[in-house]
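A short worksheet on the structure shown next.
The values are calculated or read from the model by the stated rules, or taken from the named source; none is laboratory data. Keep in mind it's a predicted model, so treat the numbers as computed, not measured. All Cβ positions, glycine included, derive from the backbone under ideal geometry; neighbour counts span all protein chains shown.
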Amino acid sequence: MTTCIREATPQDTSAISSLVSHLTGKLISPLHIENRLHNMRGNPDELLYVYEEKNRILGTLSFRIRRDHAAHDVTFSEISVISYKQDPDSNQAPLAQLRSYAEQLASDHNCSGMMWLTDEESTDMSRSARPPIGFHETGYRFVKRFL
């Protein structure tokens, strides 16, 4: 089974658009994804990766470095798995592999810590029952979705 995590390219826009549209139930234009990638190219602190298995994109990972120069150049990575799904024909767990990859990226960029943002909507009970390993909850982020 061939899996890899790699930086997203403009050739991935249709596959990413299709995946996000499928998971959200809302049409996301490939042009929207292409514009997002174009905007990221000018910023070395913001990257988008794809999880690919059998030449199919099954997940995406957004990696952003947040710098606090006032606090003596403290850097944190901000990670969000934009979308992922478990392939029923696979033994691999895209979320676990993307999380591990994100931790390696944070280490490679000498980040002081890592903020894991999730799109998973869950109750307080289920969230506390299975927090990401090594993370602790520091509050809540309120999100208004437009897509």
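Checked against (1) over 26 Å from M115 (Cβ atoms); (2) in a loop (DSSP other than H, G, I, E, B); (3) modelled with pLDDT of 85 or more, M1 passes all but a single condition, namely (3). Residues that are more than 22 Å from A96 (Cβ to Cβ) and of a type outside the set (A, V, I, L, M, F, W, C): does segment 46-56 have at least one? Yes, the conditions are met somewhere in segment 46-56.
Restricting the search to segment 33-80, which residues are hydrophobic (A, V, I, L, M, F, W, C), under 22 Å from T3 (Cβ atoms) and modelled with pLDDT of 85 or more? Give the steps one after another, and end with the answer.
Here is the first cut: in segment 33-80, the ones hydrophobic (A, V, I, L, M, F, W, C) are 33, 37, 40, 47-48, 50, 57-58, 61, 63, 65, 70-71, 74, 76, 79.
Applying the additional criterion that residues be under 22 Å from T3 (Cβ atoms) yields 33, 37, 47-48, 50, 57-58, 61, 63, 79.
Residues satisfying the conditions are I33, L37, L47, L48, V50, I57, L58, L61, F63.
With respect to the conditions (1) out of contact with any Pro (no Cβ under 7 Å at 6 or more places or on another chain); (2) surrounded by fewer than 17 Cβ atoms within 10 Å (Cβ to Cβ); (3) of a type outside the set (D, E, K, R), S14 lacks only one, and its number is (1). Mind listing whichever residues of segment 23-52 are surrounded by fewer than 16 Cβ atoms within 10 Å (Cβ to Cβ), within 18 Å of L95 (Cβ to Cβ) and either without any contact (Cβ under 8 Å) to a residue 40 or more places away in the chain or touching a helix residue (DSSP H, G or I) at 6+ places or on another chain (Cβ under 6 Å) (or both)? If the condition is that a residue be surrounded by fewer than 16 Cβ atoms within 10 Å (Cβ to Cβ), within 18 Å of L95 (Cβ to Cβ) and either without any contact (Cβ under 8 Å) to a residue 40 or more places away in the chain or touching a helix residue (DSSP H, G or I) at 6+ places or on another chain (Cβ under 6 Å) (or both), then no residue fits. The condition (being touching a strand residue (DSSP E or B) at 6+ places or on another chain (Cβ under 6 Å) and of a type in the set (A, V, I, L, M, F, W, C)) is satisfied by just one residue among I5, I28: I5.
Scanning segment 1-22 for residues that are without any contact (Cβ under 8 Å) to a residue 60 or more places away in the chain, touching a helix residue (DSSP H, G or I) at 6+ places or on another chain (Cβ under 7 Å) and within 22 Å of H109 (Cβ to Cβ) returns a single hit, A8.
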